[in-house]
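**Student:** Quick one: the structure is below, questions incoming.
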Number of protein chains: 2
Amino acid sequence: MARLVMKFGGTSVADIDRIRVVARHVKREVDAGHQVAVVVSAMAGTTNQLVEWTREASPLHDAREYDTVVSSGEQVTSGLLAIVLQSMGVSARSWQGWQIPLRTDETHGSARIGGIENSLLVSRLEENQVAVVAGFQGISDSGRITTFGRGGSDTSAVAIAAAINADRCDIYTDVDGVYTSDPRIVSAATRLERVSYEEMLELASLGAKVLQTRSVEMAMKYGVRMMVRSSFEDPESLAPAFEEGNGGVGTLVCDEDEIVEKHVVSGITYSRDEAKITLLEVQDQPGVSAQIFGPLADANINVDMIVQNVSANGKQTDITFTVPVTDFERARDVITPLKNKLGYSDLLGATDIVKVSVIGVGMRSHAGVAAQMFKALADKNINIQAISTSEIKISVLIEAVYTELAVRTLHSVYGLDMN
Amino acid sequence: MARLVMKFGGTSVADIDRIRVVARHVKREVDAGHQVAVVVSAMAGTTNQLVEWTREASPLHDAREYDTVVSSGEQVTSGLLAIVLQSMGVSARSWQGWQIPLRTDETHGSARIGGIENSLLVSRLEENQVAVVAGFQGISDSGRITTFGRGGSDTSAVAIAAAINADRCDIYTDVDGVYTSDPRIVSAATRLERVSYEEMLELASLGAKVLQTRSVEMAMKYGVRMMVRSSFEDPESLAPAFEEGNGGVGTLVCDEDEIVEKHVVSGITYSRDEAKITLLEVQDQPGVSAQIFGPLADANINVDMIVQNVSANGKQTDITFTVPVTDFERARDVITPLKNKLGYSDLLGATDIVKVSVIGVGMRSHAGVAAQMFKALADKNINIQAISTSEIKISVLIEAVYTELAVRTLHSVYGLDMN
């Protein structure tokens, strides 16, 4: 017997037939003797409709009322899933954020969880009643409904798991796990059996959109083991939780210490959402960086990679940096009026670029990972335009046309290809 | 300055444009200096969709989960109206049943109101903030959402009005008041300026579907003055509450004592939802009525009119009664097996009948109202098949083909025709 949180997103509960499939996944775990809390999103499309109505009502709207409207989607799903579970003979009860209560701060629209009163939920779980929790929402100290922002149901699930001291938090989604790379590009990509929280954070923020970043951060903080599983498999064909074995389906997101067989590199990701700006012949003097990046920060533009060449003549240098492609025009508009002050000769921009990253906790203890990457790309005649690194990742900026070639080459070089 | 409850039904809040019209009605009253609580239904069609989903989920479903799902419709409207009001510069806040709290018993799906905590609402009203209350719902002692059954938002509105000691409860609907008869049949029908609670109860239950019966009963019990007004008029063309004057639009539902100029008859209604059953040559002996109507009551069939002729030979008699047309087949199935026991010779049934009623509190003090009715119908050669009376109403059963003729004739005879 274990205590389990299962989370199902919008496409998994898109209609009553899909909700029936979800109920069968839940029943499988209940029949295996587990205590189960389920966290559900709104039916696919519902949240968009509700958001659209609030916008129609007024482009500038009170976030408290936005939360009241938008949270209703999860309320509907929680009630419907409870009904279906009961019809299958599984004892179940729906729970809204305010009924638990799941307390948050007053930051409507992107509230942060304060504390969860677990006594009601736990007493029901111990009576073997499934708790169907409406995701994405809580209640503020002033008694208003709050929501966590899009994708917040993952965060709800991890928070509930921490509060009820669950043995695992299973996130059911439309893929069966986390892969070494995007299978649409790399046919040899393989599913990771296990991945560390830190690797998952890099994978999530770099384009593998399986888990919400915030939920992984919270899981790491509270030591909640997460498992990514598919809700589109036949429910009865899956083994119940903790019986998956090595041949089972899913990816466990856990502490690094739990990963016995460590790979140096766990995954190769890419992001096309980058734009590059180069300032030619900037005056090479103290304070020039602050004069460029201060105004960009003030404009809430997130600068990622920065490359400054060594000045050849000691007077002038070229500076290249990247911004999200959606902020490209705005960034140019911020910099252009500073031309005289910065004294640059020209501003070059490019959006036909991609950021390719190599991720792995093994890098901490293995030297030469970066050198291997640069050599592999050079062997394919791919020019590196910028580089940035963290403790467990190396990212390079290259021409977009080389995306597939670069990702496949690196996937192979680091030994990730399927045997 | 007065304190006002305004209630808007599903067609009045069917989309954002309609909600904007509702907001203008509310703004008119706020600008006139009134403290306003608004009670809203779900957007037209929403509740049906939600109910349909619960049925799809399971034909037999837990009423607690049904309430969780279905109550979400009013939640959405309350938030949207608050947003629109704010965008017009009117301070507003939405309130769910559990936030007020509006306490009910545990009868999910048709809960009865227990008590309403008015302190939160009243303090906001006194700060001139409009309270937008989600209708149709409350919270049980065990912390679950309860609903009042279809049309329950009228009841919410009256209950809130009683709790906050409102000066009036205005029910906005798709007609501009209560009429002396159905204007589709009687072109000379006129709007009543005032109607007593008791007359309204008879009018409501007999086919003038303007107000929910339960809300009128509650208004009568707590002395809440109700006003039926149109939400489809241009909001700024209506005078604010209490300034309507005699030429204003709407019908006030109030205590009999408030009606100075009393009519003997206030309205003529008809109902086609009747079916007639006649048992020929029933044994005329003590207990025979109980043998007929006992089993019908056990089957939950509501018998309305009963006519038993005087026995000619002292041994046998004919008994005629009416039931709702939807229960006609079922009633026949209940009676048929009793043929030997009751000893009747034949069972005749008819559904081509209509019940026409004359309603007015003036009947209490005026003799001859019934005689006048019978004579008027006889003059038109309309045969009366059954009669039932209460203190303030006389109903007759006639052939359906005479509906229009009978209603128009009576409307004219009692002096209700428009001048």
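**Student:** Note the per residue figure in Å³ for the convex hull of the C-alpha positions in segment A:31-165. Intermediate results must be reported in sequence, preceding the final value.
**Tutor:** Working: hull volume 13.1 nm³, N = 135.
Convex hull of Cα atoms, per residue: 97 Å³.
**Student:** Same structure again: Just to confirm a number: summing +1 for Lys and Arg and -1 for Asp and Glu over residues other than A:Pro295 whose beta-carbon lies under 14 angstrom from that of A:Pro295, what do you get? Can you show the working numbers first?
**Tutor:** Details: positive: A:Arg330, A:Arg332, A:Lys339, A:Lys341; negative: A:Asp298, A:Asp327, A:Asp333.
Surrounding charge for A:Pro295 is +1.
**Student:** Rule-of-thumb check for segment A:140-196: C-alpha Rg over 2.2 N^0.38 Å? Present the calculation step by step, with values, prior to reporting the outcome.
**Tutor:** Values: Rg = 16.3 Å, N = 57, 2.2 N^0.38 = 10.2 Å.
This ratio for segment A:140-196 stands at 1.59.
**Student:** Also: Quick one: helix B:288-298 against the long Cα principal axis of chain B, what's the angle to the nearest 10°, folded into 0 to 90?
**Tutor:** Around 30 degrees separate the two axes.
**Student:** Right, next: Going 7 Å from Cα along the Cα-Cβ axis for the label, what nanometre distances separate B:Ala2 from the same residue across the other copies?
**Tutor:** Here the equivalent label points are 6.5 nm apart from this one.
**Student:** Quick check: the distance between the Cα centres of segment A:88-109 and segment A:1-35, to the nearest angstrom?
**Tutor:** 17
**Student:** Using a 10 Å cut-off around each Cβ of peptide A:95-103, what is the average number of partner chain Cβ atoms that fall inside?
**Tutor:** On the way: counts 2, 7, 0, 5, 6, 0, 1, 0, 0.
Per residue, the number of nearby Cβ atoms from other chains is 2 on average.
**Student:** Still on this structure, I have one more. Return the chain A residue and its Cβ-to-axis distance, rounded to the nearest Å, for the rotation relating A to B.
**Tutor:** That would be A:Ser72, 2.
**Student:** With both bridge residues required to lie in segment A:84-166, what share of the DSSP beta bridges run antiparallel, to the nearest 5%? Mind dumping the intermediate values first?
**Tutor:** Details: 6 of 11 bridges.
Of all bridge pairs located within segment A:84-166, approximately 55 percent are antiparallel.
**Student:** Tell me, Kirkwood radius of segment A:348-419 from alpha-carbon pair distances, in Å?
**Tutor:** On the way: mean 1/r = 0.0788 Å⁻¹.
Kirkwood radius, segment A:348-419: 12.7 Å.
**Student:** OK, next. When you take every Cα atom in segment B:180-325, what is the radius of gyration, and what is Dmax, the widest Cα pair distance, in Å?
**Tutor:** For segment B:180-325, the Cα radius of gyration and maximum Cα-Cα distance read 21.3, 70 Å.
**Student:** Which order, highest average first, do B:406-416, A:398-408 follow once you tally other Cβ atoms within 10 Å for each residue and take the mean per peptide? Can you show the working numbers first?
**Tutor:** Details: B:406-416: 20.3, A:398-408: 17.5.
Per-residue mean Cβ counts within 10 Å order the peptides as B:406-416, A:398-408.
**Student:** Expressed as an acute angle from 0 to 90° and rounded to the nearest 10, what is the orientation of the C-alpha long axis of helix A:369-379 relative to the principal long axis of chain A?
**Tutor:** 60
**Student:** Quick check on packing: order A:274-283, B:251-260, B:139-148, A:235-244 by the mean number of other C-beta atoms within 10 Å, highest mean leading. Write out the running numbers ahead of the final one.
**Tutor:** Values: A:274-283: 19.4, B:251-260: 17.0, B:139-148: 21.4, A:235-244: 14.9.
For the peptides A:274-283, B:251-260, B:139-148, A:235-244, the packing ranking is B:139-148, A:274-283, B:251-260, A:235-244.
**Student:** Let me ask something else about it. In 20 Å bins starting at 0, how do the alpha-carbon pair distances of the protein assembly as shown split up by percent?
**Tutor:** 13, 32, 29, 16, 7, 1, 0
**Student:** Hey, got the dipole for segment B:20-60? About the Cα centre, +1 on K and R Cβ, -1 on D and E Cβ, debye to the nearest 20?
**Tutor:** Values: 5 positive and 4 negative charges, 42 e Å.
My answer is approximately 200 debye.
**Student:** Relative contact order (percent) for segment A:104-180, with alpha-carbon contacts under 8 angstrom and 6 or more residues of separation? Kindly include the intermediate steps, with their values, before the conclusion.
**Tutor:** Values: 84 pairs, mean separation 23.6, N = 77.
Taking the mean separation of contacting Cα pairs over the length of segment A:104-180, I get 31 percent.
**Student:** Also: Average projected area of the Cα convex hull of segment A:262-419, in nm²?
**Tutor:** Working: hull surface 42.1 nm².
Over every viewing direction, the Cα hull of segment A:262-419 projects on average to 10.5 nm².
**Student:** Another question about this same structure. Can you return the lysines within cross-link range of A:Lys341? Criterion is Cα-Cα under 19 Å, with same-chain partners fewer than 8 residues away left out.
**Tutor:** Here the lysines satisfying the reach criterion relative to A:Lys341 are A:Lys315.
**Student:** Which of A:Gly114, A:Gly223, A:Gly360 moves most in a GNM of chain A, Cα contacts under 10 Å?
**Tutor:** It is A:Gly114.
**Student:** While we're here: What number do you get for segment B:107-151 when its Cα radius of gyration is normalised by 2.2 N^0.38 Å, N = residues? Before the final figure, lay out the partial values.
**Tutor:** Details: Rg = 12.4 Å, N = 45, 2.2 N^0.38 = 9.3 Å.
Segment B:107-151 yields a ratio of 1.33.
**Student:** Hey, if you put +1 on the Cβ of every Lys and Arg and -1 on every Asp and Glu Cβ in segment B:262-419, which of B:Ala367, B:Val307, B:Thr317 ends up farthest toward the positive end of that dipole?
**Tutor:** Toward the positive end, the furthest listed residue is B:Ala367.
**Student:** Still on this structure, I have one more. Using alpha carbon centroids, what distance separates segment B:287-358 and segment A:153-203, in Å?
**Tutor:** 69
**Student:** To one decimal place, what Kirkwood hydrodynamic radius in Å is obtained for segment A:102-194 from all pairs of distinct Cα atoms? Provide the component values of the computation, followed by the final result.
**Tutor:** Numbers: mean 1/r = 0.0653 Å⁻¹.
Hydrodynamic radius (Kirkwood, Cα pairs) of segment A:102-194 is 15.3 Å.
**Student:** Ignoring solvent entirely, what values of log10 I(q)/I(0) come out of the Debye formula for chain A at 0.10 Å⁻¹ when each Cα is a single scatterer?
**Tutor:** For the requested q values the scattering log ratios are -0.79.
**Student:** Oh, and also: Count the DSSP beta bridges whose two residues both fall in the protein assembly as shown, then state the antiparallel fraction as a percent rounded to the nearest 5. Present the calculation step by step, with values, prior to reporting the outcome.
**Tutor:** Values: 86 of 142 bridges.
If we restrict to bridges inside the protein assembly as shown, about 60 percent are antiparallel.
**Student:** Report relative contact order for chain A in percent, whole number only (criteria: Cα-Cα under 8 Å, sequence separation at least 6). Show your work: numbers first, answer last.
**Tutor:** Numbers: 884 pairs, mean separation 59.5, N = 419.
So the answer I get is 14 percent.
**Student:** Counting Lys and Arg as +1 and Asp and Glu as -1, each charge on the Cβ, what is the dipole of chain A about the Cα centre in debye, to the nearest 20? Provide the component values of the computation, followed by the final result.
**Tutor:** Details: 38 positive and 54 negative charges, 30 e Å.
Taking the Cα centre of chain A as origin, the dipole is about 140 debye.
**Student:** So for chain A: antiparallel DSSP bridges make up what percent, rounded to the nearest 5? Walk me through the numbers before you get to the answer.
**Tutor:** Values: 43 of 71 bridges.
Of all bridge pairs located within chain A, approximately 60 percent are antiparallel.
**Student:** Can you sort B:Asp15, A:Asp284 so the residue with the fewest Cβ neighbours within 10 Å comes first?
**Tutor:** Values: B:Asp15 13, A:Asp284 19.
Starting with the residue having the fewest Cβ neighbours, the order is B:Asp15, A:Asp284.
**Student:** Contact order normalised by length for segment A:6-116, with contacts defined as Cα pairs under 8 Å and 6 or more residues apart; what percent is it? Kindly include the intermediate steps, with their values, before the conclusion.
**Tutor:** On the way: 123 pairs, mean separation 26.7, N = 111.
Relative contact order of segment A:6-116: 24 percent.
**Student:** Give, in whole angstrom and from largest to smallest, the semi-axes √(5λ) of the equivalent ellipsoid of segment B:183-263, with λ running over the eigenvalues of the Cα gyration tensor. Don't skip to the answer; put the middle values down first.
**Tutor:** Working: eigenvalues 79, 57, 38 Å².
So the equivalent ellipsoid measures 20, 17, 14 Å along its semi-axes.
**Student:** Once the label point is placed 7 Å from Cα along Cβ, list for A:Asn165 the distances to the corresponding points in the other copies, in nm, shortest first.
**Tutor:** 5.1
**Student:** Quote to one decimal, in nm, the extra length available between B:Ser311 and B:Glu233 on full extension: 0.36 nm per residue of separation minus the C-alpha distance between them.
**Tutor:** Working: separation 78, 0.36 × 78 = 28.08 nm, distance 5.79 nm.
Extra length available between B:Ser311 and B:Glu233 comes to 22.3 nm.
**Student:** Further question on the same structure: Taking a cut-off of 26 Å between Cα atoms, list the lysines near B:Lys393, but don't count ones fewer than 8 places away on the same chain.
**Tutor:** Partners within reach: B:Lys209, B:Lys221, B:Lys262, B:Lys276, B:Lys355, B:Lys375, B:Lys380.
**Student:** Peptide A:81-93: average number of partner chain Cβ atoms within 10 Å per residue? Please report the intermediate quantities before stating the final value.
**Tutor:** Working: counts 2, 8, 14, 6, 4, 6, 6, 1, 0, 0, 0, 2, 5.
Whole-number average of other-chain Cβ neighbours for A:81-93 is 4.
**Student:** Here's another thing I want to ask about it. What is the average number of partner chain Cβ atoms found within 10 Å of a Cβ in B:63-73? Write down the numbers at each step before the final one.
**Tutor:** Numbers: counts 0, 5, 13, 4, 2, 14, 10, 2, 4, 13, 2.
Mean number of neighbouring Cβ atoms from other chains: 6.
**Student:** Also, I was wondering about something else. Starting from a label point 7 Å past Cα on the Cβ side, list the distances from B:Glu256 to the same position in the other copies, nm, shortest first.
**Tutor:** Nearest to farthest, the other copies are at 8.6 nm.
Coordinate-derived values only; no laboratory data. The structure displayed is predicted, hence computed values, not measured ones. Counting neighbours? That spans all protein chains shown, and the Cβs are built from the backbone with ideal geometry, glycine included.
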